[in-house]
Amino acid sequence: MSAAHSSPMAAPALVEARDLAKTFGGTGFFTTSLPVQAVKGATLSLGRGQSLGLVGESGSGKSTLGRLLLGLIPATGGTLTFDGQPLPPEGSAAWRALRRRMQIVFQDPNGTLDPRRTVGSQIADGPALHGLGRSAGTSDRVADLLALVGLEARMAQRFPHEFSGGQRQRIGIARALSTDPDFLVADEPVSALDVSVQAQVLRLFHGLREKLDLALLFISHDLPVVRHLCDRVMVMYLGRVMEEGPTRALFEVPAHPYTRALLSATPRLDPAHRVTRIILPGDPPSPVKPPSGCVFHTRCAHATEVCRTEIPALRPLAGRTVACHHAEALA
Amino acid sequence: MNRKLVMPGLWIGTILVVAVAAPVLGLPDPVKQDIARRLAGPMLGSPLGRDEFGRDVLSRLIWGARTSLAVAFASAFIAAAVGTALGMIGAWKRGWVEWMTVRSMDVVLCFPPILLALLVVTLLGPGAGTLILVLSILYIPGFVRVAYGEVLSMRANDYVEAVRALGAPTSRILLRTVLPNIAGPLLVQVSLCVAAAIVLESGLSFLGLGVVPPSPSWGLMIRGARTTMAQAPWLLLWPCGALTLTILGMNLFCDRLRDVVDPRTTSVRSRPRLIDRLVPGLLPGHDPARDAVLAVDGLTVGIATPRGVVKPVEGVGFHVREGETLAIVGESGSGKSLTATAILGLLPPVAQAIEGTARFAGRDLLSLDEEARRRLRGGELAMVFQDPMSSLNPVYRVGDQLVEAIRAHGSVSPEQARARALELFRKVGIADPDRRLDAFPHEMSGGMRQRVMIAMAIANNPRVLIADEPTTALDVTVQAQILTLLKDLQTDNGMALVFITHSLSVVAEIADRVCVMYAGQVVEDGPVGAVFHQPRHPYTRALLAATPEGDELPTGIGGVVPLPQEFPTGCRFAERCGFAIDTCRAAPVALREVDEGRRARCIRSDEMARLPEAVA
Amino acid sequence: MNGKAAKWLARRIGGSLLLAFLVVTIVFFTLHLVPGDPAVLLLSTGGAAPSQEQVMRLRDKLGLDRPLIEQYWTFLSGIVQGDLGKSLQDDYPVASEIALRLPRTLELIFAAVIIGLAVGFPSGVKAAFGHGGWFDRIASGTAALLMAIPVFVVGTLLVLAFAVQLRWMPAGGFTPFSQDPVKHLTLLTLPALAIAKGLAATVFRMTKASVLDVMTRDHVRTARAKGLTPRRITMRHVVRNALSPVVTVVGLQIGTLLGGTVLVEYVFNWPGLSSPLIKAVEGRDYPMVAGIVLTISGLFLLINLIMDLLYAVLDPRVRP
């Protein structure tokens, strides 16, 4: 990793979450859907200049956690602070003012922009809403932002359909950066892109991270993608955090059986990098009816009786945190 | 303004203008009776004659239009304003507000429209005012539903979430971002309501319960003319015609507007033009692999467009041997999926294989008739698709769909077929196969559905299995399961596997040989190890560098894949290539043999061999 | 039937009953929520104000002097017992009038639905498979025209053509089936055709669109990849899947169809529910109007419930 971020732990935490939980649905008076526990017991802290990779398969709750941390959806449990303060209630003036400091980049390059407005006016929305850039002139600011993401200023007058997927993704990034945020959540920003374009956008994120002193939460289902970009990686499964730790350590010596299986299942270009593949049996269980105890026990080769009954706590182990009863034994 | 809207727009516009201009057209008084001229035919000053009270028919027709259209437009716009507001608020606030604004509207929809109208007319008495009130109430739920549905689906759009994340207040989001984007469907609803209101107004007036006589109205005119239809049938035809033509114009306008607003429901589809298939194999081509079970040569797929034939796949050739896995790899727009579907004869109707051969078991698949090809498909030649949800028929049990595949190729009794299906389910690793046979596709997970698709494909022991991105829609742990399964099946059956993917890493995991496609052409092929180790085409090299692996930050490729209608004459990759020189752009580059069993489409491929290794 | 399905069915039926209750409530309160004295309102047909005595008599007859909640309760319990009150015009029980005339209306609707489906569905499938061909063009044009002609216009023109000009059959009327079956069916034909025209046109359009849509789905490609015969693909994988949206449309169309029935009965003098209804609206006979509106709305809810269940039979994804 780059030298500028060699001591990330020294920075004061900007985003702090403890035991954060989110349950969707449930039996309200007007709703009758089954409750879905999307996220449970998520604890993390992220400071300026740090980047955390959030990795998991579909249904792991990684996108929900990202939106929880941004305050875009209210949590149903746990505590969350931003810059030492709890988040104001959703929709309030204070909440809206806080939007300036936390932003999001989306996955789908086709849905990320309003098809009926020029990209320039969409990038100018943020500064206008928060009274930024009036002195400098909005069009200058839009031009600067476009330049920052590698596009030309004259493109501001065009509509989204005139751009390629990779370019639209860049514009989405420019919009997110338009308010000079401190905290940026990137929700699978490269998953829908072809590999040649994906690499370009990854490089853009890498450069921005060094330039802007952001707290970056990078969500992906693909482990290799976060490897180059993030200082730390957090692995989620069925709404629970399985393991969190420094990127290199986690990739080289995964402590949780799920992390290990995920890594071994990732296809490799180079036969030399290939490890013995662990094939997980079956499919991830439904989040409507998560398994008892450790949620991973139904597919884990090392599961014992205690895994079926007791929920493993997230605990520190060799410079990282792991939620596995047998982590020491498996090390 | 879209060209499609011009004709119905003019039609409706003319009727509107005439109706609005009625007072200044110098028409006779539409209510002035002249019993002496009762039922008179056409005459000076009354080109359409007189009605049963001697009133001027043309004047009544035009003034009637005025009444009908005023009632229809007024009620449609009132309903639109109220309904849209309620629907938008309901969708945005959810909870009890949603219940009050949206669900409560369902009650209005429990009454057949005309009956609710009659109920209100009983109380308030007939008249234009009552009509506008009733019609507005009737059409509000429609707008609530449209606005509600549109806002809900809009809310899921990232760009709405983005505006919210930027801190915009709700009112601004609704008015600036949501409303412009749902304006189309709302406009369609307005025109639908206007048409429906005209029908309902005329119907009520016809019953004598709508517009009060002597005011002119088309419904009232038909009611009046009915009594004298034996003596003066034309009196009936004028208002009937006017009414029908107006509604026809309105309906046409709605249909066209819907097409313009929502291209998904476009009713006019481009029809394929017949392209004569050229005689295949005119040139005695070289034979790269005599022992290949499937050998494709010079395959070109053409799509007829108004500007001529575009060729998203051009001159593609590859072969695969028994027990071998060939990967076809490329990014979106490379033509890899079209190639596969062309071989099986499964191209969408707009596309056709216009050149080339695909030799399979001594026959050319591309020149076979459809019936012969059908017998091969699902038998000796099988295919697995990308999205296992949409590829299975949602209304049948998976077991029945599998049995169908078995019985399509041989006379097997239902019991035998079921036993075979059970065996196949075991083979593809479906736990509890007996029960799973009776499941519907939506009751299974993505990985399980893909296993069903594979079971269907191998049901008749195919010699070649073509798998088109079979793991792209799956999670990585499930992908590992499916890749292992395909490998195991191949070891058992000795079938040839053509694996189409966009992921070089997956190619490295599963394939023996690889065929790299770019912009509709094969740019390089050969054994996977050799190709990845020392690619002979810059595109392969760039793709490898863009794949995230190891500690290096991946490097992207600038620019985009050209569209089929914009393919350059020279090398198609030249615009994005770091090695391109002027010669590259001058003329088409041939795919040539660069090494034992390796081909590349690059004039500098020899220099490529001297570059550092691509994959360490 | 397993327990889950029974519960689901009970929920659907419960939902329909709740809607029926709301319909009854709305019909009751419509009379009372209108501004002013409902009795005065019902009596003010001409310009002259009704006399005090008339108003008092009507108030007494409708029970308007009793507390609202008591009136509501009487109304509700009456409906449960099949008592819909008495006509203001001739004191005849509303329920008896409906019992006499409802079967005739039902017969008409039934005939119209059969004709509409029998014409609309097959022609829709044929047009989709020959998309852009001569049959498609003619049928689509006809459907567009049929949709544009209001149902009472079709009825009136049918009378003009077949009864007045050609004199093939009478202009309307009714003969009981038991008296003269042939005449009964002859008289049924024109009104049933008039009502069916809208349904036929809508079903045609929807079927065609639905079949065209299903033809491009991935699962049809799978069926082809399996090597099934074109006939089997058409019947099992295209037409079968195209049914569900058509059922939805038929459900939505029923409201219009019931409304059209009122107009067509009037045009052809068919002695169903429509003639007492129109007479009652003209004479401001609220109990009679309310009774008939409730009956037809109940029919509407029932048909929609059946359509819902049919939809679940056709599409396993919406089953419990």
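The values are calculated or read from the model by the stated rules, or taken from the named source; none is laboratory data. Since the structure is predicted, the reported quantities are computational estimates derived from the model, not experimental observations. Note: ideal-geometry Cβ built from the backbone for every residue, glycine included; neighbour counts use all protein chains shown.
Examine the stretch B:407-420 for a residue that is under 23 Å from A:Glu57 (Cα atoms) and either within 14 Å of chain C (Cβ to nearest Cβ) or in contact (Cβ under 8 Å) with a residue 12 or more places away in the chain (or both), and state whether such a residue exists. No - not one qualifying residue is present in the stretch B:407-420.
Okay, residues lined up against (1) modelled with pLDDT of 85 or more; (2) more than 30 Å from B:Ile303 (Cβ to Cβ); (3) part of a helix (DSSP H, G or I):
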site: B:Pro213; (1), (2), (3): no, yes, no
site: B:Pro216; (1), (2), (3): yes, yes, no
site: B:Gln231; (1), (2), (3): no, yes, no
site: B:Ile247; (1), (2), (3): yes, yes, yes
site: B:Asp255; (1), (2), (3): no, no, yes
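Among the candidates B:Pro180, B:Pro169, the residue that is under 19 Å from B:Phe77 (Cβ atoms), within 42 Å of the chain's Cα centre (by Cα) and either modelled with pLDDT under 85 or within 14 Å of chain A (Cβ to nearest Cβ) (or both) is uniquely B:Pro180.
The listed residues are B:Pro470, B:Pro462, and the only one of them that is crowded, with 23+ Cβ neighbours inside 10 Å and not hydroxyl-bearing (Ser, Thr, Tyr) turns out to be B:Pro470. Picking from residues in the stretch A:155-185 that are assigned to a helix (DSSP H, G or I), charged (D, E, K, R) and in contact (Cβ under 8 Å) with a residue 24 or more places away in the chain, the one that is nearest to A:Phe205 (Cα to Cα) is A:Arg170. Identify, from the list B:Ile406, B:Ile328, the residue that is in the same structural domain as B:Val531 (by TED's automatic domain parsing), of a type in the set (A, V, I, L, M, F, W, C) and either out of contact with any Leu (no Cβ under 8 Å at 6 or more places or on another chain) or over 21 Å from B:Asp525 (Cβ atoms) (or both). Selected residue: B:Ile328, the only one of B:Ile406, B:Ile328 that is in the same structural domain as B:Val531 (by TED's automatic domain parsing), of a type in the set (A, V, I, L, M, F, W, C) and either out of contact with any Leu (no Cβ under 8 Å at 6 or more places or on another chain) or over 21 Å from B:Asp525 (Cβ atoms) (or both).
One line per residue, one yes/no per condition, for (1) touching a residue at least 60 places away in the same chain (Cβ under 8 Å); (2) within 11 Å of chain B (Cβ to nearest Cβ); (3) among the aromatic types (Phe, Trp, Tyr):
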residue	(1), (2), (3)
C:Leu193	yes, no, no
C:Met215	yes, yes, no
C:Pro230	no, yes, no
C:Met235	no, no, no
C:Ser244	yes, yes, no
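Quick check: anything in the stretch B:110-118 touching a Pro at 6+ places or on another chain (Cβ under 7 Å), more than 14 Å from chain A (Cβ to nearest Cβ) and modelled with pLDDT of 80 or more? Taking every residue of the stretch B:110-118 in turn, none turns out to be touching a Pro at 6+ places or on another chain (Cβ under 7 Å), more than 14 Å from chain A (Cβ to nearest Cβ) and modelled with pLDDT of 80 or more.
So which residues in the stretch A:250-265 are part of a loop (DSSP other than H, G, I, E, B) and surrounded by fewer than 20 Cβ atoms within 10 Å (Cβ to Cβ)? Within the stretch A:250-265, A:Val253 is the sole residue that qualifies. Checking each residue in the stretch A:146-187 for being charged (D, E, K, R) and within 11 Å of chain B (Cβ to nearest Cβ) picks out A:Arg168, A:Arg175, A:Asp187.
Any idea which of C:Ala161, C:Ala112, C:Ala99 is of a type in the set (A, V, I, L, M) and crowded, with 20+ Cβ neighbours inside 10 Å? The conditions single out C:Ala112. Scanning the stretch A:186-221 for residues that are of a type in the set (Gly, Ala, Ser) and not in a helix (DSSP H, G or I) yields A:Ala186, A:Ser191, A:Ala192, A:Ala215, A:Ser220. Among the residues of the stretch B:530-559, just one is closer than 11 Å to B:Arg598 by Cβ and of a type in the set (Gly, Ala, Ser), namely B:Ala530.
Residues that are surrounded by 21 or more Cβ atoms within 10 Å (Cβ to Cβ) and either within 13 Å of another protein chain (Cβ to nearest Cβ) or in a loop (DSSP other than H, G, I, E, B) (or both) are absent from the stretch A:91-98. Against the criterion of being within 14 Å of chain B (Cβ to nearest Cβ) and modelled with pLDDT of 90 or more, A:Gly56 qualifies. Flag: B:Ile247 does not match the condition of being at the interface with chain C (Cβ under 8 Å from one of its Cβ atoms), in contact (Cβ under 8 Å) with a residue 12 or more places away in the chain and closer than 22 Å to B:Pro42 by Cβ.
Of the helices (runs of 4 or more DSSP H) lying entirely inside the stretch B:1-103, those carrying at least 2 residues that are out of contact with any helix residue (DSSP H, G or I) (no Cβ under 8 Å at 6 or more places or on another chain), among the hydrophobic types (A, V, I, L, M, F, W, C) and not assigned by TED's automatic domain parsing to the domain that holds B:Cys254 are B:6-20.
In the stretch C:204-233, the qualifying residues are those that are touching a Lys or Arg at 6+ places or on another chain (Cβ under 7 Å) and of a type in the set (A, V, I, L, M), and the one that is surrounded by the most Cβ atoms within 10 Å (Cβ to Cβ) is C:Ala225.
Can you work out which of the residues in the stretch C:164-173 that are more than 11 Å from C:Phe268 (Cα to Cα) and not basic (Lys, Arg) is modelled with the lowest pLDDT? Top of the filtered list is C:Met169. Being crowded, with 18+ Cβ neighbours inside 10 Å, closer than 19 Å to B:Ile328 by Cβ and among the hydroxyl-bearing types (Ser, Thr, Tyr) is a description that does not apply to B:Ser605. Residues in the stretch B:352-379 that are out of contact with any Ser or Thr (no Cβ under 7 Å at 6 or more places or on another chain) and surrounded by fewer than 19 Cβ atoms within 10 Å (Cβ to Cβ): B:Ala361, B:Gly362, B:Arg363, B:Ser367, B:Leu368, B:Asp369, B:Glu370, B:Glu371, B:Ala372, B:Arg375. Here B:Leu344 qualifies as within 30 Å of B:Glu443 (Cβ to Cβ), facing chain C (nearest Cβ under 8 Å) and among the hydrophobic types (A, V, I, L, M, F, W, C). Somewhere in the stretch A:97-107, is a residue at negative phi and without any contact (Cβ under 8 Å) to a residue 40 or more places away in the chain? Yes, the conditions are met somewhere in the stretch A:97-107. Selection of helices (runs of 4 or more DSSP H) fully inside the stretch B:516-597 by the criterion of at least 2 residues being among the small types (Gly, Ala, Ser) and surrounded by 14 or more Cβ atoms within 10 Å (Cβ to Cβ) returns B:528-533, B:538-546.
Considered as a group, the residues in the stretch C:72-101 that are without any contact (Cβ under 8 Å) to a residue 40 or more places away in the chain and assigned to a helix (DSSP H, G or I) include one that is nearest to C:Leu299 (Cα to Cα), and that residue is C:Ala99. A single member of B:Ser411, B:Ser390 is outside any strand (DSSP E or B) and either acidic (Asp, Glu) or within 26 Å of the chain's Cα centre (by Cα) (or both), and it is B:Ser390.
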